[in-house]
Structures are given as C-alpha cells and as structure tokens.
Amino acid sequence: MSYRTGISMVLLAGVFWSLSALVIRLIESASTWQILLYRSFGLVALLIVVVWFRSGGKPVAQVRRAGMPGVIGGFGLVAAFAGSVYSIQETTVANAVFLFATAPFFTAVLAWPVLRERVRRGTWVAIGVGMTGVVLMVQEGLASGALAGNIAAIFSALGFAVFTLSLRWQKLNDMSSAVLVAGAISIPVSVAACMLLGQSLLLETRDAALALFMGCVLLGLGLSIYTVGCRTVPAAELAILSMTEVLLGPVWVWLLLGETAGPGTVIGGAILLAAITGNALSGIRRAPPKLI
C-alpha cells in the first residue's frame, strides 16, 4: 500500500468516526448503557468476521495474544465508550469531541510511570497549553450546567489512553482483536448496568437500528479501515490526521441539526487542537529517518 493510500484510509476512518456523534443525537429515547449495549453488539459482530479473516480462521488464538493487557485495555475502552456516549448526550458535540482529543496527553503522562517512556519537553509544553483550552471549556460547561458531560468526556479520553497504553504494553500491531475484547466486555457490563438502573434491554426499533449501525459500520468498519491505513503512516502524522474526527463531529450536527457551540468551547477547542498539532509536528521533526 502506498503512503498516499494509507493517508486516504486514515482520513476516511476519521470521517466514519465523526458521524457517531450525529447518530447519538438522532437516537430518541435510549440511555447511555442501552446505546452502548446495542453498539457493542454491532461492533462485535463485524470484528469477529475481521479477526477471523486476519487470523486465517483462528480468531480465538488471535484474541488470546492480547493477554492481560488486552483485558485491561478492554475495560479502558469500555470506559471510553460509555463516557463518550454520555458526554454527547449531556453537552454539545463540539465540547465533547474537543475534550476527547486530550487522550494523547493522558497517554503521554501515563506512559511515563507505566512504560518508562520519557515525556519530551515539547510534549510538556503542549500539555500546558492544551490544559488552558480544557479549562476554558470546562468553565463554560460549569456555567451552562453541562459539567457532568465535560467530566464524562475527560473520563472517556482517560479510558482511551489506558487502551492505548495496553497496546504498547503488549506491542500489538493490530487493534482489531483488542477492540473485540473490549466489545465483548461491554456487553455484560452494559446488561448489568441496565438491570441495576431498571432499564429495559429492548429498544425502539429506530434507536436499536441506529446503535447497531454505529457499532458495526461507523466504529467497526472505521477501525478496520484505520488499522490497514495506519501501517504506512508514521505515528506522529496519525495524531494530526485523526483530528478529522474532532473537526468534523461538530460540523455534522451544525449542518443537519443546527447545533452550535459557545465561545468558550470554540476558543478552548482551538487552543487544544493547536497544542496537539504542535506536539505532533515536533514529533515528526524529531522522528529518526527510516533505514532502507
């Protein structure tokens, strides 16, 4: 696969993921855990097929390779999934997705004690700048009564950071099996949460179809495309390209639903994205040349 094709596939995956916020907005009555349950069904259904083909018909062996890091990462991704759905339900899409973008910073900080990966000076500067943007967004959320949604978005970013660290710990090149573990964990966790909260496991047909579509197509197919495309794109560039999801998420709900964001979200989000972009660009400059 060419470098250009890899970039195109990563960007396309970002477009798929960016549509998830719009779909959550279109769901009428389902709760966070009900959405997560049906979305997990769709995700697991597709990833079983993907892992089956990639493992040569040995999906169980492929999943076992994830080991304990895969289980830990699975629970991290469950937290990320649940936090993302709840935050989009409780605050603006722009506010939620901008805060999701803090995940690389959480990853960098946690990798220091967990994996003994030193945090670059430029990353510390980017974290400091990015936190200024986060404070602006959280302050606006506090003023508008959406603080819980903001906290859930940050919790989601932290969960994704745990998932990313588990991949590095196990040195997994293919995320599909690890995400399949996460989806499998999500199902009983969601069922238990629904039962504890007295929520039905049956949804209206429209809500169920949208949640299944989100899991199977937007998340599952998007992940499969991303996994293939990222093989030819350096990690530092992936950090920039993946912001397609962050930038397009608010655009879809603005164009189709007329949802706008407050000035604190716009300014804070711009500061945060600038910090992430600067950190990624500095990583590209510092990246060692490839040996041919």
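The values are calculated or read from the model by the stated rules, or taken from the named source; none is laboratory data. Just so we're clear, the structure is a prediction, and the values are computed from it rather than from any experiment. With ideal geometry, Cβ positions are generated from the backbone for all residues, glycine too; neighbour counts draw on all protein chains shown. Just the protein is used for accessible areas: all its heavy atoms, side chains included, with ligands, DNA and RNA removed. Shrake-Rupley method; radii C 1.70, N 1.55, O 1.52, S 1.80 Å.
Accessible area of residue 123, 1.4 Å probe, to the nearest 10 Å²?
10 Å²
Please report the equivalent ellipsoid semi-axes of the chain, computed as sqrt(5 x eigenvalue) of the Cα gyration tensor, largest first, in whole Å. If you can, show how the numbers build up before the last one.
Details: eigenvalues 145, 132, 62 Å².
They are 27, 26, 18 Å, listed largest first.
Quick one: with all protein chains in place, what share of the accessible area of the chain is carbon or sulfur, to the nearest percent (1.4 Å probe)?
70 percent
Could you work out Rg/(2.2 N^0.38 Å) for region 1-51, with Rg from alpha carbons only?
Details: Rg = 14.5 Å, N = 51, 2.2 N^0.38 = 9.8 Å.
Ratio of Cα Rg to 2.2 N^0.38 Å: 1.48.
Treating the beta-carbon of each Lys and Arg as +1 and of each Asp and Glu as -1, no other charges, what is the dipole magnitude of the chain about its Cα centre, to the nearest 20 debye? Don't skip to the end; give the middle numbers.
Numbers: 18 positive and 10 negative charges, 282 e Å.
Result for the chain is approximately 1360 debye, rounded to the nearest 20.
Return one whole number: the accessible area per residue of region 150-207 in Å², for a 1.4 Å probe. Intermediate results must be reported in sequence, preceding the final value.
Working: 2860 Å² over 58 residues.
With all protein chains present, region 150-207 gives 49 Å² per residue.
Quote the convex hull volume per residue of region 14-111, based on C-alpha atoms, as a whole number of Å³. It would help to have the intermediate numbers written out before the result.
Working: hull volume 12.3 nm³, N = 98.
That works out to 125 Å³ per residue.
What number results when the radius of gyration of region 80-213, computed over Cα atoms, is divided by 2.2 N^0.38 Å? Before the final figure, lay out the partial values.
Numbers: Rg = 17.1 Å, N = 134, 2.2 N^0.38 = 14.1 Å.
Output field value: 1.21.
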